[in-house]
1. Among helices (runs of 4 or more DSSP H) lying entirely in the stretch 1-78, which contain 3 or more residues that are among the basic types (K, R)?
2. What number of residues in the stretch 81-91 are touching a residue at least 24 places away in the same chain (Cβ under 8 Å), of a type outside the set (V, I, T) and either open to solvent by less than 60 Å² (accessible area, probe 1.4 Å) or in contact with an Asp or Glu (Cβ under 7 Å, 6 or more places away or on another chain) (or both)?
3. How many residues are under 25 Å from G188 (Cα atoms) and in contact with a helix residue (DSSP H, G or I) (Cβ under 8 Å, 6 or more places away or on another chain) when one looks only at the stretch 208-249?
4. Return the residues of the stretch 112-171 that are closer than 19 Å to L187 by Cβ and among the aromatic types (F, W, Y); say none if nothing qualifies.
5. Take the conditions closer than 25 Å to N176 by Cβ, polar (S, T, N, Q) and either crowded, with 20+ Cβ neighbours inside 10 Å or touching a residue at least 40 places away in the same chain (Cβ under 8 Å) (or both) and apply them to N73. Does it pass?
6. Could you list, in sequence order, all residues of the stretch 268-327 that are acidic (D, E) and touching a residue at least 12 places away in the same chain (Cβ under 8 Å)?
7. So the check is Cβ under 6 Å with 6+ separation or different chains; which pairs have a first residue in the stretch 141-162 that's free of Cβ contacts under 8 Å to residues at least 24 places away in the same chain and a second one that's open to solvent by 10 Å² or more (accessible area, probe 1.4 Å)?
8. May I ask you to say which residue of R177, R248 is charged (D, E, K, R), more than 22 Å from R13 (Cβ to Cβ) and modelled with pLDDT of 95 or more?
Amino acid sequence: MKTLIQRAESTHRLSEEEILYLLQAQDADELLLPAADRVRRKYVGDEIHLRALIEFSNICKNNCLYCGLRAENTCINRYRMDEETIFSFAQKAVQYGYKTIVLQGGEDPAFTTEVWLRLLKRIKTLGLAITLSIGERPFEDYRAFKAAGADRYLLRIETTDKSLYEKYNPSMSFENRLRCLHDLKKLGYEVGTGVLVGLPGQTMRSLAKDILFFQELGADMIGLGPFIPNPQTPLKNAPAPVLGPALRVMALTRLLLPDVNIPATTAMETLEPNGRIKALQSGANVVMPNITEGDARQNYALYPGKAGAADSPLAFREKLAAQLTAIGRPISTGYGWHKKKIY
């Protein structure tokens, strides 16, 4: 095991069987997580890149079985921000010192191409890098958004197991998801993707294939989080999640894609009080603070008990800064672009 991890740390290559072996080895973490931390330090440094998250709508046309925003969930208070409110949050992001915003929401039909083009052009005047997380769109939309100022795009594959994907995303097509990701790469976006770790029926081999998919795609950012069952979804009785497997997948992802951006996700902090710090010490280098305010902050309920939901955006930033100082990780003052290196 030690030799395998050392080889992954130096060559950034593992076969599917080797990844599978390390995922299944419960005693691998003692060597695996520090190795990922060393690779993170070598390739992307100690700085933490912050992305200010604006959750603009919890209305979604899709019916994914694991998601609290699913269309058939009638127990959620729905909301949709208007353009002026979204722009005002972008202005606040600048005031708080952020250089990047992430506009994230359900696939809300009210946000047409025209609406996004107006918003993107207006927000771009603030000097922000813009990340969109708005789901599947036609190629022409992606091209228009890029021209209007979008820099990055987050579109999680959730699982590369086609049968599992289509089981849990019944209104969606696995092939179309792949098409979107490849379109985004062709258009020159920094592309973020990722998976849920711990979906019912997911195998360790499936997770090994997920990691190799990130490599094949040439992803720029990879979000990995534990699946937390939502009581208002069909998967409400799924087994209780644990943090360990998600950290292991994240560490292996860092070893195989040493220069990508990897966030310490809110789901990790929700699962364990120090989950975010553990992630930052196991390969992660990004945090995405939520700067949404008011009822929307509580009602973007992907899963229950979301960490930090009761904090104000400013209080969260101050608390986060103290946590990062304590582990010797300064907050970056730049935009945090993916700086690809030869390895």
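The values are calculated or read from the model by the stated rules, or taken from the named source; none is laboratory data. Just so you know, these numbers come straight off a predicted model, no measurement behind them. For neighbour counting, all protein chains shown are included, and Cβ atoms are generated from backbone atoms with ideal geometry for every residue, glycine included. What goes into the accessible areas is simple: the full protein's heavy atoms, side chains included, and nothing from ligands, DNA or RNA. Shrake-Rupley method; radii C 1.70, N 1.55, O 1.52, S 1.80 Å.
1. Filter on the stretch 1-78 gives 29-44.
2. Qualifying residue count for the region: 5.
3. Residues that pass the stated criteria total 10.
4. Answer for the stretch 112-171, where residues must be closer than 19 Å to L187 by Cβ and among the aromatic types (F, W, Y): W116, F139, Y142, F145, Y153.
5. It is true that N73 is closer than 25 Å to N176 by Cβ, polar (S, T, N, Q) and either crowded, with 20+ Cβ neighbours inside 10 Å or touching a residue at least 40 places away in the same chain (Cβ under 8 Å) (or both).
6. E269, E272, E293, D295
7. K162/F174
8. After ruling out the rest, the residue left standing is R177.
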